[in-house]
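Before any comments, here is the structure.
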Amino acid sequence: MKVKNKELKIVFFAVMILFAIFLMAPIIMLLVKSVWKDGFSFEFYASVIGQNGFFTALKNSFQIAAASAVTATVLAFIIAYGVHYTSLPKWFKSCISFIATLPMFLPTITYGFAIIYSFGKQGLLTRLLGRQLFDIYGFAGLFVGYVIYTVPVAFLLIHNTMEFIDKKTLIVSKAMGDHTVSTFWIAVLRPLLGTLAGAFIQAFFLCFTDFGIPASVGGNYEVIATMLYNQMLGGIPDFNRGAVIAMIMLIPSVGSICILQILERFNIRYNRISQAELRKNAARDFGWGCSSVLISIFIVSIFAVIFVVPFVEEWPYKTGFSFEHFAEVFQDSELLSVYGHSIFMAACTAFLGTLIAYGAALITARSSLSNGYKKAIESIALITNAIPGMVLGVAYLFVFSGTSLQNTFLLMIICNIVHYFSTPYLMMKNSLSKMNAGWETTAMLMGDSWVKTILRVVTPNALSSLIEVFSYYFINAMVTISALIFIAGARTMVLTTMIKQLQYVNRFNEVFVLSLLILATNLIAKAVFSKLANHKLLTSKQ
């Protein structure tokens with residue numbers, strides 16, 4: 001047992017050192033930078049808060065984030081309900097589920113360009129409909145972009161919870177003669193209250209801190225994320241005031257942590273989940289099915305332009321079919337090199353991130369270490385879940401500028417690992433918690449070391465979850481931009497930061513080709529990893 005604890009403590013301290021250097025130190029440096037001017041001072045806070053446009057940008061961020069989060073949560077609920085509470089065909093449910101998560105495979109900066117080329121004056125949908133539906137720059141453009149961005153996250157949260165809701169409650173409520181509205185509340189909404197609120201908070205947080213969408217369709221509707229970018233990388237960078245804005249962006253993060261902890265008490269846990277068959281109801285299936293189809297069409301119609309513009313000669317003036325733009329990209333050694341950078345960064349992030357998440361989860365789910373060790377890991381997961389990518393990127397800019405890590409792939413990889421740590425850790429923890437708790441004890445009695453037990457027994461049984469974690473890290477590393485925009489250099493450019501560069505010179509054909517490259521890479525990766533994970537899961541059950 002002492003040996004086992006010794007080995008676990010080595011893993012624990014390795015994880016803690018990593019996060020102390022690459023999470024706590026940068027955030028502390030950010031705080032110091034915001035309050036230090038020849039001594040402790042709130043001068044920079046007073047300057048930022050007092051400058052023209054700050055409160056307007058803050059108000060705009062709250063308004064657009066709240067409106068988008070409410071809409072995304074409602075739309076996600078409609079799709080999830082269609083999947084779980086109707087008798088629609090399985091292929092249909094799989095299709096709308098896939099479309100609901102499709103935006104996750106593209107960087108957010110692409111959403112803005114898709115909106116421009118769909119709803120702009122010369123946009124695809126504008127030309128098809130004969131009129132422009134709304135002004136794409138400002139609130140309306142941000143609203144559409146943010147809703148598309150956050151529907152997948154809200155859908156996955158609600159979808160996963162609905163799988164564990166006892167459907168028998170619905171049948172019992174109907175049998176007791178409850179009104180339709182009462183049944184809907186008792187059997188569906190009430191068990192989902194905590195998840196719905198959590199989905200709203202997560203969506204709000206993502207909208208409030210996103211940089212990619214405002215960068216393309218924000219226009220004169222300034223939000224706090226663009227204000228931070230302009231302060232840090234504008235014509236005259238001001239690092240101290242940029243640090244202040246970054247710290248202010250953390251306020252909703254801290255609030256979201258507190259609210260999510262409170263919402264835990266609203267989650268209903270069933271002792272046993274019944275596999276109840278839903279009664280046939282053609283009107284119900286038609287209504288929810290049509291609603292899901294309309295939402296799916298809305299999502300697909302925005303991204304349809306990505307599959308059109310790169311294949312025409314010159315949109316919208318010459319609409320003849322052409323592969324010229326693809327040929328230009330694939331003949332450009334610089335763009336191909338950047339694609340290689342993205343693959344390399346994503347693969348390294350996925351490999352190292354999976355190891356770290358696995359090690360951390362072993363401590364909390366399969367160790368006899370004291371609660372102090374476990375709470376330290378849990379705290380890290382909680383903090384990383386609430387740190388916006390932009391804030392982390394700015395903090396890294398302060399700490400690692402002038403060091404050997406500046407503008408390196410290693411720093412970008414570590415940044416991604418830290419930024420996305422929370423979800424992979426929780427995925428691994430949940431998987432390891434469900435395994436036989438006596439494996440390590442049995443192996444120890446048989447003379448096997450802890451390391452051998454982990455490698456020979458625990459890891460093979462956790463392989464499907466490890467593949468899922470690898471997939472999660474890989475896909476997110478391919479689409480991330482908010483943190484990397486501050487720490488990527490000319491020699492370490494990746495596809496998302498290259499797209500931002502191409503925006504400045506109006507090379508939108510290349511933007512869409514690179515976006516399709518990211519989408520294709522992520523879809524192939526997801527398909528391969530899902531197949532491997534399912535195969536390992538089936539093998540372990542046999």
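A few points about this structure:
- Taken over the range 502-512, the residue count meeting the criterion of being among the polar types (S, T, N, Q) and either surrounded by 20 or more Cβ atoms within 10 Å (Cβ to Cβ) or modelled with pLDDT of 85 or more (or both) is 1.
- Screening the candidates 515, 482 for the property of being of a type in the set (S, T, N, Q), in contact with an Asp or Glu (Cβ under 8 Å, 6 or more places away or on another chain) and either more than 24 Å from residue 388 (Cβ to Cβ) or touching a residue at least 12 places away in the same chain (Cβ under 8 Å) (or both) yields one hit, 482.
- Of the residues making up the range 297-310, those that are surrounded by 18 or more Cβ atoms within 10 Å (Cβ to Cβ) and either in contact with a Phe, Trp or Tyr (Cβ under 7 Å, 6 or more places away or on another chain) or at pLDDT 90 or above (or both) number 5.
- Entirely in the range 79-139, the helices (runs of 4 or more DSSP H) that have 1 or more residues that are buried (at least 23 other Cβ atoms within 10 Å of the Cβ): 90-101, 108-119
- Search result, residues across the range 40-56 that are surrounded by fewer than 21 Cβ atoms within 10 Å (Cβ to Cβ) and in a helix (DSSP H, G or I): 43, 45, 46, 47, 49, 50, 54, 55, 56
- Residues being of a type in the set (A, V, I, L, M, F, W, C) and without any contact (Cβ under 8 Å) to a residue 40 or more places away in the chain - total across the range 293-348: 10
- Residue ID - surrounded by the most Cβ atoms within 10 Å (Cβ to Cβ), chosen from residues in the range 7-29 that are more than 30 Å from residue 454 (Cβ to Cβ) and in contact with a Phe, Trp or Tyr (Cβ under 6 Å, 6 or more places away or on another chain): 26
- All positions within the range 408-448 that are more than 16 Å from residue 467 (Cα to Cα), in contact with a Phe, Trp or Tyr (Cβ under 9 Å, 6 or more places away or on another chain) and at pLDDT below 90: 440, 443, 444
- Taking each residue of the range 128-144 that is at positive phi and looking for partners that are assigned to a loop (DSSP other than H, G, I, E, B) and not aliphatic (A, V, I, L, M) with beta-carbon atoms closer than 9 Å, six or more apart or interchain, yields 138/218; 138/219; 138/220; 138/221.
- Condition check for residue 60: buried (at least 22 other Cβ atoms within 10 Å of the Cβ), polar (S, T, N, Q) and at pLDDT below 95: yes
- Subset of the range 143-173 [at pLDDT below 70, touching a Ser or Thr at 6+ places or on another chain (Cβ under 6 Å) and in a helix (DSSP H, G or I)]: 168, 173
- A count restricted to the range 466-484 and to residues that are of a type in the set (Val, Ile, Thr) and crowded, with 23+ Cβ neighbours inside 10 Å stands at 4.
- Residues that are touching a Ser or Thr at 6+ places or on another chain (Cβ under 6 Å), surrounded by fewer than 22 Cβ atoms within 10 Å (Cβ to Cβ) and not hydrophobic (A, V, I, L, M, F, W, C), drawn from the range 389-414: 407
- Residue 24 passes every criterion in (1) in the same structural domain as residue 188 (by TED's automatic domain parsing); (2) under 24 Å from the mean Cα position of the chain (by Cα) apart from (1).
- Test: residue in the range 2-21 that is among the acidic types (Asp, Glu), modelled with pLDDT under 95, touching a Lys or Arg at 6+ places or on another chain (Cβ under 9 Å) and not assigned by TED's automatic domain parsing to the domain that holds residue 187: no
- All positions within the range 267-296 that are polar (S, T, N, Q) and modelled with pLDDT of 85 or more: 291, 292, 296
The values are calculated or read from the model by the stated rules, or taken from the named source; none is laboratory data. Note that this is a predicted model, so its numbers are computed, not measured. Backbone-built Cβ (ideal geometry, glycine too); neighbour counts: all protein chains shown.
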